[in-house]
Amino acid sequence: MLKKYCGLTLLVILPLILAYGCGEMGKVDQGRVIEFDKAKGTVTLIRDMKADPKNPDYSQLPPFVYEIPKDFNEMGPEPKAGLRMKLDAKAKQIIIFDPASQNFKKIDYALIDQKEGVDAGDPLVKDKKFPLVDKEKKAITLYSKRQKLLTTFSVPDEYFALPAGAWDAGDEVRIYYKEAGKARRLMNISKTDIFKK
């Protein structure tokens, strides 16, 4: 008799537990930060259309704004904003996001110097802040950690009026959300080493 009641109770309770546990799943978004406003509690990003860490595609417009998590324990390191979307060393071209036009600008550059295979620990880049903009020499030096590329180039004069952040790549973030525009979790994947022990 006891087995019958236990079995009947299990048949009634188990579906309820499973239904509760199988609630609506959230979604994940990923992109490059172009603006972070801690006071307003927002992060603005250009979405990554490929989600391929070696070859991201930051090309979806318009930019998307998320409210950051209310609980800062769900956020990790604050993201750095930057407007550089792509550094194409083969085509000698940089793509930046232009806030005024809310569109991308492709800027061709004249190569001055380039070193490939430069790790983040290399003395050429370790403990140095990039981008380096030298208006007198008309040279801009960038380091791409993902591409392991240190490059110095020149651009037409009008582009030297841009702020240094225009040449900087913003941090890549991954956002978990259930409601559009409201991040439940925000992971700064540029500053978080998930493999570090």
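The values are calculated or read from the model by the stated rules, or taken from the named source; none is laboratory data. Every value quoted in this text rests on a predicted model; they were computed, and no experiment measured them. Every residue, glycine as well, gets a Cβ built from its backbone with ideal geometry; the counts of neighbours run over all protein chains shown.
Tabulated data for the structure shown
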item	result
Among residues of region 59-80, those that are surrounded by 18 or more Cβ atoms within 10 Å (Cβ to Cβ) and in a loop (DSSP other than H, G, I, E, B), counted	4
Extreme residue, farthest from GLY170 (Cα to Cα), among residues of region 134-157 that are basic (Lys, Arg) and under 21 Å from the mean Cα position of the chain (by Cα)	LYS148
Sole residue being touching a helix residue (DSSP H, G or I) at 6+ places or on another chain (Cβ under 6 Å), under 25 Å from PRO53 (Cα atoms), surrounded by 15 or more Cβ atoms within 10 Å (Cβ to Cβ) and modelled with pLDDT of 90 or more, chosen from ARG185, ARG174	ARG185
Evaluation of PRO56 against (1) surrounded by 14 or more Cβ atoms within 10 Å (Cβ to Cβ); (2) touching a residue at least 40 places away in the same chain (Cβ under 8 Å); (3) not in a loop (DSSP other than H, G, I, E, B); (4) not hydroxyl-bearing (Ser, Thr, Tyr) (one fails), failing number	(3)
Selection from region 50-63 of residues that are under 12 Å from the mean Cα position of the chain (by Cα) and hydrophobic (A, V, I, L, M, F, W, C)	ALA51
Filter result (surrounded by fewer than 17 Cβ atoms within 10 Å (Cβ to Cβ) and among the polar types (S, T, N, Q)) within region 105-143	GLN114
LYS106 being among the basic types (Lys, Arg) and in a loop (DSSP other than H, G, I, E, B)	no
Filtered residues of region 162-192 (kept if part of a helix (DSSP H, G or I) and in contact with a strand residue (DSSP E or B) (Cβ under 7 Å, 6 or more places away or on another chain))	ALA164, ALA166
Test: residue in region 153-161 that is part of a strand (DSSP E or B), loosely packed, with under 15 Cβ neighbours inside 10 Å and free of Cβ contacts under 8 Å to residues at least 12 places away in the same chain	no
Set ASP171, ASP119, ASP108: member being over 29 Å from PRO63 (Cα atoms) and in contact (Cβ under 8 Å) with a residue 12 or more places away in the chain	ASP119
Region 28-37 - residue that is over 20 Å from ALA164 (Cβ atoms) and of a type outside the set (Gly, Ala, Ser) and, of those, surrounded by the fewest Cβ atoms within 10 Å (Cβ to Cβ)	VAL28
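Conditions tested, residue by residue: (1) over 21 Å from THR192 (Cα atoms); (2) acidic (Asp, Glu); (3) touching a Gly at 6+ places or on another chain (Cβ under 8 Å).
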| site | (1), (2), (3) |
| --- | --- |
| ASP113 | yes, yes, no |
| ASP119 | no, yes, no |
| LEU124 | yes, no, no |
| LYS138 | yes, no, no |
| LEU142 | yes, no, no |
| LEU150 | yes, no, no |
